[in-house]
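Each reported figure results from applying straightforward, stated rules to the coordinates on display, with no laboratory input. The model shown is predicted, which means the values in this text are computed figures rather than measured ones. Glycine gets a Cβ as well: all are built from the backbone with ideal geometry, and neighbour counts include every protein chain shown.
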Amino acid sequence: MTFKNITKSFFISLLISVSTSFVSAQQLIKEPAGGMDDNELEDMEIALPPSIAAIPMVINTPVLDKYYTSWDTLCVRRYNEVATTGDDSINLPLFNDYSTGFVFPAEGTFLSPFGNRGRRVHAGVDIKLEAGDPVSCAFDGVVRMARYYAGYGNCVVIRHYNGFETLYGHLSKIKVKVNQQVKAGDLIGLGGHTGRATCNHLHFETRFQGKAFNPRQMIDFNTYCLVADTFTVTKATFGRTRDYLPGISAENLVSTDSKSASKSKSKSSNKYHTIKSGDTLSALSRKYGTSVKQICSINGIKPNKTLKLGSKIRIR
């Protein structure tokens, strides 16, 4: 082989390598690595010492006492109780006397869905944000875990009064402590890419009795609102196929995603207001030509909710 041919082969190989790396980089940006699947969690948590923490009195409620008997401050999904889901249906109101609001944790571009990702199961969804962006608590509850946790990086797990738990991973900083009471919309951490993450993003999970399910069953990611005020947990809730939604086949999912993409174009028409001193729901309804009932409905809050300075509220 001549020197000219060797040189030509080298540059072709180099070009292919660079192209492959570029595609891989694009894929990583589009769908970042993140979180840990349940097999990894199980292997790691078996080796950890048992948590001796007692369930805080503030989290003892009729709903939670029925479904949880342990309070592990060290692990994401290690429990003493036996899951009670089975083939039964469990109807859980998302709002009750203890849990009165919902706030989407971080309004950013949807990067990656729940479900199968190669050989692993992506136990949550990924949402793009910038380093230092605020991450909010989804529902009222109590912080069960707040620590650096392997692939999740800086991670917060919150048990909510409605029976669910949410997880927030890859935070650059954690702003809450274990056993701390939090309200929907409270700052719990700042965006980052700690742990197994290839870019700044929030890894967000929804779980019931330690079992992860697709948050899209509960939350509309186009409107940042809840799908309904009550969530029914069944065996079908915990499917693991990519972007799993009960009753929707793989063929129909493409159609569903197309509709979602179409809806997302209307996001720009959504109107938000940053709470300032003196703001009330009545004043905001007058200012923006809407009603208190409408504002409460789209934000999942009650008319008597205290508006926190600096927080955002959706007007329409």
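With the Cα gyration tensor of the stretch 271-314 giving a ≥ b ≥ c as the square roots of its eigenvalues, does the rule (a/c under 1.5 for rounded; else a/b larger than b/c for prolate; else oblate) give rounded, prolate or oblate? Verdict is rounded for the stretch 271-314. With the highest mean first, a sort of the peptides 225-235, 185-195 on other beta-carbon atoms found within 10 angstrom per residue produces 185-195, 225-235. In the stretch 40-264, Cα pairs under 8 Å separated by at least six residues give a relative contact order of 22 percent. Structure note, pairs K66/K183; K128/K173; K211/K312; K276/K305; K271/K293; K128/K177: Cα-Cα distances above 20 angstrom occur for K66/K183; K211/K312; K128/K177. Stretching the chain fully between L48 and R240 yields a gain of 66.5 nm (0.36 nm per residue, less the alpha carbon separation). Take the Cα of D65, step 7 Å toward its Cβ, do the same at K287, and the gap between the two points is 4.3 nm.
In terms of the mean number of neighbouring beta-carbon atoms within 10 Å, the peptides 45-54, 159-168, 59-68 order highest first as 159-168, 59-68, 45-54.
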